[in-house]
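Scroll down for the structure; my scribbles are underneath it.
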Amino acid sequence: MIEYENLKKANEIFFPELKDAFNDFLESGWFILGDSVKRFEQNFASFCQTKYCIGVASGLDALILSLKALELPKGSEVIVPSNTYIATILAILNEGLIPVLVEPKIETYNIDPSLIESSITDKTRAIIPVHLYGKACEMTEIYSIAEKYSLNIIEDCAQAHGASINGKKVGSFGDFGAFSFYPTKNLGAIGDAGAITTNDKNRYEKLLALRNYGSEKKYYNKYIGVNSRLDEIQAKVLDIKLKKLDLITEHKRKLASIYSDLLTEKVKKPVLHYKYFDVFHIYNICTSRRDELKEYLLSKGIKTEIHYPVVPVDQECMVGIINGESSIARKIHNETLSLPISFATSIEDVKNVSREINLFFEN
């Protein structure tokens with residue numbers, strides 16, 4: 001069986017250090033917002049080429065707190081891609097804001113900058129570009145639009161740790177970068193965890209308070225905040241794994257290269273460009289025979305995933321709440337299939353998956 005993801009196998013290389021870290025954690029007697037969190041925040045900010053990082057409880061909280069820090073008027077509009085994962089839209093709604101859906105480019109699956117300007121109104125206050133699957137959005141174009149209309153940018157970097165454009169990393173382009181460290185991410189915790197990056201000192205200090213009940217000083221609350229703190233143990237785990245993130249990325253990029261070389265042209269493969277450094281959290285292909293192919297691969301002992309089967313506007317919870325053009329998003333959602341590309345996936349696995357996909361289309 002070729003699994004889509006095997007977290008035990010993917011993390012085995014870290015087991016000795018993780019066990020030592022857990023013992024240190026227990027013996028320290030300090031479990032919340034200690035030195036481990038501060039150390040990871042400093043190291044991750046450096047990795048992302050930003051001045052500051054704020055560790056929080058999840059990627060969703062990273063988005064919510066970024067929006068909260070902006071203090072946008074209720075009912076303000078926030079532009080977001082129509083094919084994003086539902087969390088991006090949930091964050092907007094949770095802050096009493098209105099998601100405005102903009103279609104992605106069918107080539108890259110990322111928001112189409114050429115469609116953003118026509119969606120801007122006098123209520124628009126922010127853009128959330130989502131670096132989907134591990135490919136950076138066209139941030140130069142998006143930044144120019146944001147500057148023209150005085151809009152804030154919150155980058156959704158949940159799937160793109162280390163992705164870059166001309167060497168500039170995601171999370172360093174906008175006002176904020178929101179990261180998830182869900183266990184399956186390229187940089188994954190052993191539970192839920194997230195972070196926000198920024199270059200703005202005042203917003204950094206505000207976010208430190210917002211994640212901790214709005215308190216800058218214990219028992220004194222300056223803001224209406226929340227409890228969204230990165231645990232000390234998760235910070236230790238992430239700091240250990242951050243040292244090998246480049247190795248993880250190199251492995252995934254190697255697997256992606258093999259897929260792209262071996263797979264038949266009868267499937268749509270990820271588009272590559274020399275300016276963009278893709279980190280391949282997900283290696284997705286598209287085909288109108290997606291469901292049939294998925295069943296065939298499973299019969300051959302190969303597990304795949306669909307990111308994502310239902311377009312946001314068609315989710316039951318969103319009926320009557322969001323709307324907008326989603327025909328391109330629907331096409332992507334109906335045809336996309338994610339192939340195994342874990343740190344635990346081997347080169348031989350990728351060759352076998354490619355061979356079976358090619359046999360499927362030959363027959």
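The values are calculated or read from the model by the stated rules, or taken from the named source; none is laboratory data. No experiment lies behind these values; they were computed from the predicted model shown. Heads up, the Cβs are rebuilt from the backbone with ideal geometry, glycines too, and the neighbour counts pull from every protein chain shown.
Going through region 323-338 one residue at a time, which ones are farther than 26 Å from residue 262 by Cβ and either in the same structural domain as residue 86 (by TED's automatic domain parsing) or at pLDDT 95 or above (or both)? Give the derivation first.
Let us first name the residues in region 323-338 that are farther than 26 Å from residue 262 by Cβ, namely 323-330.
Answer for region 323-338, where residues must be farther than 26 Å from residue 262 by Cβ and either in the same structural domain as residue 86 (by TED's automatic domain parsing) or at pLDDT 95 or above (or both): 326, 327, 328, 329, 330.
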Within region 125-140, how many residues are surrounded by fewer than 19 Cβ atoms within 10 Å (Cβ to Cβ) and either small (Gly, Ala, Ser) or farther than 21 Å from residue 48 by Cβ (or both)? 0
Across region 113-138, the tally of residues that are among the acidic types (Asp, Glu) and touching a residue at least 12 places away in the same chain (Cβ under 8 Å) stands at 2
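Would you be able to say whether some residue in region 339-348 is assigned by TED's automatic domain parsing to the domain that holds residue 298, within 29 Å of residue 84 (Cβ to Cβ) and of a type in the set (D, E, K, R)?
First pass over region 339-348, keeping only residues assigned by TED's automatic domain parsing to the domain that holds residue 298: 339-348.
Now restrict to residues that are within 29 Å of residue 84 (Cβ to Cβ): 339-345.
Retained after the next criterion (residues that are of a type in the set (D, E, K, R)): none.
Taking every residue of region 339-348 in turn, none turns out to be assigned by TED's automatic domain parsing to the domain that holds residue 298, within 29 Å of residue 84 (Cβ to Cβ) and of a type in the set (D, E, K, R).
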Checked region 65-84 for anything closer than 18 Å to residue 153 by Cβ and without any contact (Cβ under 8 Å) to a residue 40 or more places away in the chain; matches are 71
Taking region 306-324 and keeping only residues that are assigned to a loop (DSSP other than H, G, I, E, B) and loosely packed, with under 14 Cβ neighbours inside 10 Å, one is left with 309, 319, 320, 321, 323
Among (1) buried (at least 16 other Cβ atoms within 10 Å of the Cβ); (2) modelled with pLDDT under 95, the one test that residue 22 misses: (1)
Per the list (1) surrounded by 15 or more Cβ atoms within 10 Å (Cβ to Cβ); (2) not in a loop (DSSP other than H, G, I, E, B), residue check on residue 15 breaks on (1)
Considering only residues that are farther than 16 Å from residue 84 by Cβ and without any contact (Cβ under 8 Å) to a residue 24 or more places away in the chain, which ones fall in region 318-338? 319, 320
Residue pairs qualifying under the 7 Å Cβ cut-off, at least six apart or on distinct chains, with the first in region 291-317 being in contact (Cβ under 8 Å) with a residue 24 or more places away in the chain and at positive phi and the second being loosely packed, with under 12 Cβ neighbours inside 10 Å and outside any helix (DSSP H, G or I), are 301/1
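Against the definition (in the same structural domain as residue 188 (by TED's automatic domain parsing), within 20 Å of residue 343 (Cβ to Cβ) and in a helix (DSSP H, G or I)), how does residue 41 come out, yes or no?
Numbers: in the same structural domain as residue 188 (by TED's automatic domain parsing): yes; within 20 Å of residue 343 (Cβ to Cβ): no; in a helix (DSSP H, G or I): yes.
So residue 41 fails the test.
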Identify the residue in region 332-355 that is of a type outside the set (Gly, Ala, Ser) and in a loop (DSSP other than H, G, I, E, B) and, among all such residues, is nearest to residue 183 (Cα to Cα). 343
